[in-house]
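Trainee: Starting off with a structure, shown below.
The values are calculated or read from the model by the stated rules, or taken from the named source; none is laboratory data. Bear in mind the structure is a predicted one, so any value in this text is a computation, not a measurement. Here Cβ is always computed from backbone atoms with ideal geometry, including for glycine, and neighbour counts include all displayed protein chains. SASA here: full protein model, heavy atoms, side chains in, ligands and nucleic acids out. Shrake-Rupley method; radii C 1.70, N 1.55, O 1.52, S 1.80 Å.
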Amino acid sequence: MSVVGNNRVGIPIVLLHDAEGAVVTVETKRGELIRGLLFEAEDMMNLYLKKAVVLGPKPGAKRIVDQIYVRGTEIVFIVLPEMLRHAPMFNRIKHWRKHGGAPPEGVGAAVGQAAAILRKASERRR
């Protein structure tokens with residue numbers, strides 16, 4: 001999954017996918033705080049949490065659920081683990097900014113028989 005270029009998934013979504021398997025805290029529009037293991041995140045920010053603790057909008061309202069699905073439109077903010085600061089996605093972004101959008105060496109190069117024929121033809125012209 002790329003974080004740069006047109007018609008691609010943006011940085012927040014990629015970071016959310018990288019957080020799968022970690023404990024996150026989610027605040028909803030209703031004022032609930034949900035803390036649990038992020039099992040799956042979708043591109044529309046819909047979240048599937050397991051072993052979650054839901055703190056209701058009223059003080060003292062607390063319930064423990066095995067699993068919960070939170071729709072992306074109901075999310076106000078998400079607290080992600082600090083370890084994601086060193087996510088490999090940020091290295092791709094640094095490279096993209098440094099080299100003006102050029103992919104790293106070996107990435108995006110044409111492969112296959114047709115590409116080999118074209119490479120040989122261009123070498124002969126030199």
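Trainee: Sort 73-84, 56-67, 21-32, 41-52 by the packing proxy (mean of other Cβ within 10 Å over each peptide's residues), most packed first.
Mentor: Going by the mean number of other Cβ atoms within 10 Å, highest first, we get 41-52, 21-32, 73-84, 56-67.
Trainee: Give the share of C-alpha pairs in each 5 angstrom bin for segment 49-88, from 0 to the last occupied bin, in whole percents, shortest bins first.
Mentor: With 5 Å bins starting at 0, P(r) equals 6, 16, 18, 25, 19, 10, 4, 2.
Trainee: Taking a ≥ b ≥ c as the square roots of the eigenvalues of the Cα gyration tensor of segment 26-67, is the shape rounded (a/c under 1.5), prolate (a/b larger than b/c) or oblate?
Mentor: The shape class here is oblate.
Trainee: Let me ask something else about it. For a label point 7 Å from the Cα of Arg71 along Cα→C-beta, name the residues of segment 14-57 whose backbone N is under 17 Å from it.
Mentor: Hits in segment 14-57 for Arg71 at 17 Å: 27-32, 42-49.
Trainee: So, with a 1.4 angstrom probe, what is the percent of accessible area on segment 6-52 that is carbon and sulfur?
Mentor: Here carbon and sulfur together make up 51 percent of the probe-accessible area.
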